[in-house]
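The values are calculated or read from the model by the stated rules, or taken from the named source; none is laboratory data. Note that the structure is predicted; figures quoted are calculated from it, not measured. Here Cβ is always computed from backbone atoms with ideal geometry, including for glycine, and neighbour counts include all displayed protein chains.
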């Protein structure tokens, strides 16, 4: 029962969410009753009650044996009436009548001044109260949902971001994840046999989290491409989240080192999700990533780079967002690769985010100038649960991808005896 929109307007609105209201009406799965309430045509005389509404609702429920009832919005019923005592009494009677009919009722209402609802009664007579909020922080808007009350059930009390998209609403309770995930024993290749050898000869643990950190131009995206290419060759689906380049630009750049990812995209093994960080808030980015992962069901996820998220949040918020994402990926046993840009000589820092403790494997890429030449070096700072090399290996970028050479040996300095 709608008090603000006609059936035609409502059908157009929900079509953008992926619902075919006309088909549901034709199948007698839903009945829509538009009650037009115009406060300018109302004159308050005598006692006011909702008996006429009960009759219309009862007829609509019986016509299709409905199990659910929606009233949108409740404030429209009381337009033009000033007797708050009668309003509160009739609201309570409406809620009791719906419960006696044995239907699940969803009633929408507007926020009040200092109360969850305008009349301050609905929240007390309802079994559950869900509060929706829309905020703008640093020019980025985020919709949030909070369960303020739910009788007879344990429930999360935090705020959860939600998105309104072509498939309806997406809600992710991102703060309810715990450390209960399994730890698989099988390993997956890095895409480079020489790097696999540095990790005990078998590569990463499946379901682990890996960070590639290094300065600009050290080849982080190239190593990520090798990893994704190897996963696709194993017949595994991958999701690649890009924050700086378009998919077309990234694939063009990787073709310059002999890695052609376009075939995997056409074959359905590789899915790109590219978006500027400023497009959404942190929580919305997390929900969007969760939704993409749920749709594709990948074995491998790559996020390149994580630093760009600092554009839409402070360090604490970004770290919390990444923690939730990592927990979700570990729970789903998805192998995740993150790239991080380090600045200056901060080689053993994953920028200012401080998430190295969350990672199972940490690979550092360095650029070293020696005798007028610039060399690239790679070493494994840590890799939990496996033996790994402690040497620095030089590597080059060629037409055949990343070429990992022999480990560089420390120079011996000869001292002249006194």
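So in the range 265-288, with the set limited to residues that are in contact with a strand residue (DSSP E or B) (Cβ under 6 Å, 6 or more places away or on another chain) and closer than 18 Å to residue 336 by Cβ, which one is modelled with the lowest pLDDT?
Restricting to residues being in contact with a strand residue (DSSP E or B) (Cβ under 6 Å, 6 or more places away or on another chain) and closer than 18 Å to residue 336 by Cβ, the top hit is 287.
Could you give every pair whose Cβ atoms fall below 9 Å, whose first residue belongs to the range 234-255 and is under 10 Å from residue 274 (Cα atoms), and whose second residue is at pLDDT below 95 and part of a loop (DSSP other than H, G, I, E, B), counting only separations of at least 6 or pairs across chains?
Note: pairs meeting the criteria are 241/275; 242/275; 243/275; 243/276; 243/305; 243/306; 244/276; 244/305.
Pick from the range 214-255 the residues that are part of a loop (DSSP other than H, G, I, E, B) and touching a helix residue (DSSP H, G or I) at 6+ places or on another chain (Cβ under 8 Å): which of them is modelled with the highest pLDDT?
Among them, the one singled out is 237.
Condition first: modelled with pLDDT under 90, crowded, with 16+ Cβ neighbours inside 10 Å and in contact with a strand residue (DSSP E or B) (Cβ under 8 Å, 6 or more places away or on another chain). Can you find one or more residues in the range 175-195 that meet it?
no
Residue 172: closer than 30 Å to residue 20 by Cα, outside the structural domain of residue 379 (by TED's automatic domain parsing) and modelled with pLDDT under 90, yes or no?
In short, yes.
Could you please let me know if residue 146 is within 18 Å of the chain's Cα centre (by Cα), at pLDDT 80 or above and more than 24 Å from residue 310 (Cα to Cα)?
Yes.
Out of all the residues in the range 256-269, which are part of a helix (DSSP H, G or I) and surrounded by fewer than 14 Cβ atoms within 10 Å (Cβ to Cβ)?
Answer for the range 256-269, where residues must be part of a helix (DSSP H, G or I) and surrounded by fewer than 14 Cβ atoms within 10 Å (Cβ to Cβ): 263, 266.
Could you list all residues from the range 12-50 that are within 32 Å of the chain's Cα centre (by Cα) and at pLDDT below 90?
Of everything in the range 12-50, those that are within 32 Å of the chain's Cα centre (by Cα) and at pLDDT below 90 turn out to be 16, 17, 18.
So which residues in the range 275-329 are free of Cβ contacts under 8 Å to residues at least 24 places away in the same chain and not in a helix (DSSP H, G or I)?
314
Can you pull out every residue in the range 326-343 that is touching a strand residue (DSSP E or B) at 6+ places or on another chain (Cβ under 8 Å) and more than 12 Å from residue 206 (Cα to Cα)?
326, 338, 339, 340, 341, 342
State whether the residues of the range 194-211 include one that is out of contact with any helix residue (DSSP H, G or I) (no Cβ under 6 Å at 6 or more places or on another chain), in the same structural domain as residue 339 (by TED's automatic domain parsing), part of a loop (DSSP other than H, G, I, E, B) and within 24 Å of residue 399 (Cβ to Cβ).
Among the residues of the range 194-211, not one is out of contact with any helix residue (DSSP H, G or I) (no Cβ under 6 Å at 6 or more places or on another chain), in the same structural domain as residue 339 (by TED's automatic domain parsing), part of a loop (DSSP other than H, G, I, E, B) and within 24 Å of residue 399 (Cβ to Cβ), which makes the answer no.
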